[in-house]
Amino acid sequence: MPESAFRAARESHGHDNPSIRSGMYVPTRREVAKEPPKWLYPVLIDWMWESPSELIPNSVQIAEVKSVLLARPDAADPAVVQIIAECDEYLACGT
């Protein structure tokens, strides 16, 4: 995501507001590849389903997330499989 998208999201959702809105954090490829599924699941769910319009991921981005997940050494772990299924569901919605 470009920095301009984050800036626009902060501005449109009140950068003076001390609370952080769900979906304002977009994980890096490294985080998708390395972070534990317990940490990654809520981050990805919030990004996919709760992000402000400026940060809504497109199908290419979620396909990339899925590709990184499938390349993880723990890709067969049920928790990672669940995240992959969430990506598939998001892709099926046609965003």
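The values are calculated or read from the model by the stated rules, or taken from the named source; none is laboratory data. Predicted model only: the values in this text are computed from it and were never measured. Glycine also receives a Cβ, built like all others from the backbone with ideal geometry; neighbour counts cover every protein chain displayed. Heavy atoms of the whole protein, side chains included, go into the accessibility calculation; ligands, DNA and RNA do not. Shrake-Rupley method; radii C 1.70, N 1.55, O 1.52, S 1.80 Å.
Annotations
- Taking the numbered list (1) under 12 Å from the mean Cα position of the chain (by Cα); (2) of a type outside the set (S, T, N, Q); (3) open to solvent by less than 20 Å² (accessible area, probe 1.4 Å) in turn, Lys66 passes all entries but (3).
- Helices (runs of 4 or more DSSP H) fully within the chain that include at least 3 residues being at pLDDT 95 or above: 29-34, 37-50, 59-71, 78-92.
The rows are residues; the columns are (1) open to solvent by 50 Å² or more (accessible area, probe 1.4 Å); (2) touching a Gly at 6+ places or on another chain (Cβ under 7 Å); (3) of a type in the set (Phe, Trp, Tyr).
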{"site": "Trp39", "(1), (2), (3)": "yes, no, yes"}
{"site": "Asp46", "(1), (2), (3)": "yes, yes, no"}
{"site": "Pro52", "(1), (2), (3)": "no, yes, no"}
{"site": "Asn58", "(1), (2), (3)": "yes, no, no"}
{"site": "Pro73", "(1), (2), (3)": "yes, no, no"}
